[in-house]
Amino acid sequence: MVNEFHQFEPYALTCFDHLFSPDINQTTALSFRLENPRDGSRILQSGIARMFDELPFLTGEVSPCPYATKKGVMQIQPASTATQGIPIVQVKEHPQCVLPSTPSSEKQTREEHRARCAQPLQAIVPELDSSSIPAPVFRAQINVLADGIVLCLTINHMLIDGMGTAALVDMLATACRAGDNSVTDLRQCGAIQDSCRRYFQDLGTQCKLRDRFQPGNPSNSGAEAFIHLGKSYSTRTLVFSDARIKALKSQCNAALAEALTNTGTRDRCSFLSSNDVLTALLWLSINQSRSQPREHSCVGVPVSTRTRFCPPLPDHYLGNAVLFVECKLVMSEIQDLYDDNHSSFSTEAIRLLSLLAYRIRSSISTVDDDHLREFISRAQHTSNWEQLLSCPADVFVTSVRSWNMSSQNFGPTLGGVLAVAPVPLSVIEGECIVQPRRCDPKGDDIWEVMVTLKPEDMQALRGNRLMACALQDDYPVEFYCAN
């Protein structure tokens, strides 16, 4: 049964898991266009139930660990009576709604259509109280529309990160496609979770801290203030052509090479990626657009550590495996750009973008196997794991562009995923989520970024001259609409 709560041995979460608050969930929406949506709903329910049989911790809850020797340690345990009151999987029908489509290539027509057909996100996401502890690990809502399904998966962020979500969807696709033949793969996935947790625990006891490190409890003061549930912020998707971002990357790399040559600097971080340059552009443009300027700004970037361990972590490890790096910007550095009236990027704009992208790349490059081992050792010597909680920067750029969920095969009834995207429910002002890779209607590769700002700042960002040099389109976030 899909709503059966399973028993399993409780286990403590890792130091990486404790970078996230237990009351923060991440929700992902997957869309399927189907002739018979109800048949698809039954397949999904069977696949989820099969996944629960082999990964029973998904039916559990996040709760304080009673046997931990440190303060603030959380664990995954079987669901208590309180969380069992919330069904793990709900099915809701919306016969008056359809999957979104673009009625016209004209931007104004699209805006009018979306304003007329927009539907609230709350209607398609699982119902749960995210403010209480113990907190459910996993909840799903299968939304049956007139022409398909929107499957919303809500997962406690203390258990699974973005790459873990992609791995979990891969497991669900296998369970739906292969039926009972998926049991072996699911059991292997369960074994991977156990072995990785033991690996982190062993590293914490084996690794030695560097002499310069003094054990202590870093402050996380004010971390909760960045999370706003129900605040009236504006979230829109900004669209950039891949060709334009690549051209901008080439310009920035050329400017960086010249700057490093002129200073006689040799640096292994001298090549910038498209993601580095786009992050720098977002960081710079958002700070230009804010109605309440700051003297300093900090951009935060989560770095996936899976391939940075030596040896790398297994592909199907579901738990958190990210570290956060930060870079700082003094507002006086961008003062000269406020009067930049060019319709394309000026030499000064390219110089500054390359500088900021270089700071980002340099920070990311510090995360290697030695750095990770030291982090784990530092956590082991920290007496209060509540102090591990990350504090978001005023601009926070995370990327799920590498997700390959659209290529997943859910079997003959469901087929492939039409669209996939995070659902912005837990609002972080200044958060930018680079969406999974996809093409526009012409078949050209694009970059889509979901940005959350104050309404007046969002309006200013859409009219920002620097942003206008790269922006192809922007539109509100939507997952389904009125028929």
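No lab work stands behind these numbers, since they all come straight from the coordinates. Worth saying up front: this structure is predicted, and the values here are computed from it rather than measured. All Cβ positions, glycine included, derive from the backbone under ideal geometry; neighbour counts span all protein chains shown.
A few remarks follow.
- With neighbour counts taken as other beta-carbon atoms within 10 Å, the residues 94, 371, 296 rank, fewest first, as 296, 371, 94.
- Nearest-0.05 FRET efficiency for residue 96 and residue 39, computed from C-beta distance (R0 22 Å): 0.65
- Nonlocal amide H pairs with residue 74, under 5 Å, H built at 1.01 Å: 13, 65
- Pairs of Lys residues in the chain are counted when their Cα atoms are under 22 angstrom apart and they lie 8 or more places apart or on different chains; the count is 7.
- Diffusion coefficient, µm² s⁻¹, Stokes-Einstein with Kirkwood Rh over alpha-carbon pairs of segment 11-206 at 20 °C and 1.002 mPa s: 116
- Per the Cα gyration tensor, the chain maps to an equivalent ellipsoid with semi-axes of 35, 31, 20 Å, ordered largest to smallest.
- A straight chain from residue 456 to residue 254 at 0.36 nm per residue would run longer than the Cα-Cα distance by 69.2 nm.
- Cα centroid separation, segment 146-183 to segment 15-55 (Å): 5
- Per-residue [θ]222 nm for the chain (sum of -39500 (n - 2.57) over DSSP H runs n ≥ 4, rounded to 500): -10500 deg cm²/dmol
- Amide H partners (placed H, <5 Å) of residue 300, local residues excluded: 393, 395, 396, 397
- Ascending count of other beta-carbon atoms within 10 Å, so fewest first, for 440, 17: 440, 17
- Cα gyration tensor category, rounded, prolate or oblate, for segment 223-476 with a/c compared to 1.5: rounded
- Förster-model FRET efficiency, 41 Å R0, residue 147 and residue 184, C-beta, rounded to 0.05: 0.70
- Packing-based exposure ordering (other Cβ within 10 Å, fewest first) of 386, 295: 295, 386
- If the chain linking residue 473 and residue 384 were pulled fully straight, counting 0.36 nm for each residue of separation and taking away their Cα-Cα distance, it would gain 27.5 nm.
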